[in-house]
Amino acid sequence: MPFSHLSTDADVILVYPRTGVDLGATIAPPHGLLSLAAPLLHKGYKVRIIDQRVDPLWRAHLTDALQKRPVCVGISTMTGTQIAFALEAAKLVRETVGGKVPLVWGGAHPSSLPEQTVESEYVDIVCSGEGDITFVELVDALAGHKPLNGVSGIVFKDGGAVVTTPARPLLDVELLFPTPWELIDVEKYIHRDFYLKNTYRSMDIGQTSRGCPFLCGFCSSASLRQRRWRAMSIEKSLEVILEPVKRFKLDSIWIRDDEFYISPERVHGICEGIINSGIKLRWYSSGTRVDVFNRSSSGLLEIIKRSGADTLKLGAESGSDRILKLMNKGICRADTLKANLKARDHGIIPVYALIIGFPTETFEDIHQTIGLFVQLKRENPRAQFELIGAYTALPKTPLYDLAIEHGLKPPQRLEDWVDWLSDDYDLTGQKLPWFTARQREYIGNITYMSLLANASGNAVNSIGDHFLRNLLKFFITPVSHFERFKLIRRWYQWAPEMQVIRRVRQAVFYKKESSGPA
């Protein structure tokens, strides 16, 4: 078997690459890597986490750590820009130690396309799916020179062959170890929040549940986790929430559950626990379904709000009922409008996510989504928005095959996925081939206009440096008002300023180091 020459030194290096949009509150702790590290520490391994987003000297630190010949280097990545920065790290490992230290990739993208990913010369092994148990068994096998085919949930190279081991069952989240916060500089992940005004020490504290039982066509979560929602008990959830709040003196948090509000009884118990703790806290979760919110009782919404969750992120997705049905969202436009009024009446600030550019979508559908944006804001002035994102077909999502039927030609190599961005102009037509070049330009304009009209101000507000925050607000505020004015009137067909803004954004956020991949 490969890698039998390894030292028995048990050190493990875990790398979290830049994402391309690493500013203020967008920089959350690398929870996937922390979750992998916890069982390794429990078994006595020494673990080092290197986060490119917060460590400007990551290359030097990685090079130095490699001198100890660790058992392996683990790299986590999503589809798109993050792969480019992951490849930078992998290339540095190869340049420093050659093939003497195996490169193990995991995360959303390798889990979706494990066989294609492992074909890259910069990948030796892929952990597919949840890696908490898989990775520690893999490290044991590598450190002990044991056959890798005894580890479930991996894909690896064995000579010229690619070997896929049996899939690993989903784990019991109640058995997860506590987050090993000591492995990172937590202060680098504490920011002013995007949406929770007048908070100053906010952080993403991780998950209290995993998975999602729904099957939205654009999302890979359900397929990667078999549509199974697994929640921690109320007691364990409160430990996950309150321990970092007390330890790091946080005044607000983000809970990154895919679906936090599925069980009303569990939500009630957690909110009651937060209130009874006596800790004054503001918080919100990753997402809330519109229909789940509409079914919530006034009593439940009241205790949610009293616990500090006066802001809820709602997945509206589209203003077109036809497109909502296409994506199998399970809601209609009227449901979103109902939720908006319900949030207003209960003093809750809704934050909406919208998407355009689906296969078969017309500009009449897109105009309905812009119209929904306008109506939501008109009927509830406190409503917030992320951006009107451009649809990107991702592997292992329900709409992926439909996208291919309509001309999508996905990349055939890991390296070619680096430009698979969800919010950039599709200049080549690779990602949105069902639209003409002019239509793709319009979609890009709408995306950037919505970004400037909504999300940019919140992003700037999360920057900790007072001088930089106010300087950027001085420039961003008039631009934001101007682009919102244009978006409301659907003036997206002529937007020469978008080209300038796009180039600036690319230069600032998506630049690669000179030694990185082209």
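Only the coordinates and a few stated rules stand behind these numbers; no lab work does. Since we're looking at a predicted model, the values are computed, not measured. Every residue, glycine as well, gets a Cβ built from its backbone with ideal geometry; the counts of neighbours run over all protein chains shown.
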Notebook entry, point to check: Total Lys pairs in region 12-164 closer than 17 Å by alpha-carbon, pairs eight or more apart in sequence or interchain only?
Noted result: 6
Next item on the list: Return the subset of 197/338; 305/329; 305/342; 188/249; 377/486 for which the Cα-Cα distance in this structure is over 19 Å, preserving the input order.
Entry: 197/338; 305/329
Checklist line | Summed side-chain charge close to residue 380 - residues other than residue 380 whose Cβ falls under 10 Å, Lys, Arg +1, Asp, Glu -1 | finding: +3
Checklist line | Extreme residue, positive dipole direction of the chain, given options 437, 159, 372 (C-beta unit charges) | finding: 372
Note to self: Quick one: 3J(HN,Hα) in Hz for region 394-402, Karplus 6.51/-1.76/1.60 with θ = phi - 60°, rounded, Gly and Pro as x.
What the structure shows: 10, x, 6, 10, x, 8, 4, 5, 5
Item checked: Dipole magnitude of region 125-235, debye to nearest 20 (Cβ charges: Lys/Arg +1, Asp/Glu -1, about Cα centre) -> 460
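Listed highest first by mean packing, meaning other Cβ atoms within 10 Å per residue, what order do 289-299, 155-165 come in?
Taking the mean over residues of other Cβ atoms within 10 Å, the ranking is 289-299, 155-165.
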Next item on the list: Would you mind putting 145-152, 82-89 in packing order, based on average other-beta-carbon counts within 10 Å, highest first?
Entry: 82-89, 145-152
Next item on the list: Multiply the residue gap between residue 497 and residue 200 by 0.36 nm, knock off their C-alpha separation, and tell me the result in nm, one decimal place.
Entry: 103.6 nm
Check: How big is the gap, in Å, between the Cα center of region 64-86 and the Cα center of region 226-250?
Finding: 28
Notebook entry, point to check: Counting Lys +1, Arg +1, Asp -1, Glu -1, what net charge surrounds residue 122 among other residues with beta carbon under 13 Å of its beta carbon?
Noted result: -2
Check: If you put +1 on each Lys and Arg Cβ and -1 on each Asp and Glu Cβ, how big is the dipole of the chain around its Cα centre, in Debye rounded to 20?
Finding: 1200
Checklist line | Neighbour net charge for residue 171 - beta-carbon separation under 13 angstrom, K R +1, D E -1 | finding: 0
Next item on the list: Starting with the fewest neighbours, write out 185, 51 ranked by other beta-carbon atoms found within 10 Å of each beta-carbon.
Entry: 185, 51
Checklist line | Segment residue 146-residue 378, extension gain: residue separation times 0.36 nm, minus the distance between their alpha carbons | finding: 77.2 nm
Next item on the list: Name the aspartates and glutamates eligible as straight-distance cross-link partners of residue 409: C-alpha to C-alpha under 15 Å, and not fewer than 8 places from it in the same chain.
Entry: 401, 419, 426
Notebook entry, point to check: Looking at the chain, what % of its DSSP beta bridges pair antiparallel, to the nearest 5?
Noted result: 20
Next item on the list: Would you mind computing, in nm to one decimal, how far apart the modelled labels at residue 31 and residue 276 are, each placed 7 Å from Cα along Cα→Cβ?
Entry: 2.4
Margin query: What's the ranking of 236-244, 484-492 by average number of surrounding C-beta atoms within 10 Å, highest first?
Written below: 236-244, 484-492
Next item on the list: Any aspartates and glutamates with Cα under 17 Å of the residue 473 Cα? List them, leaving off those in the same chain fewer than 8 positions away.
Entry: 193, 465, 483
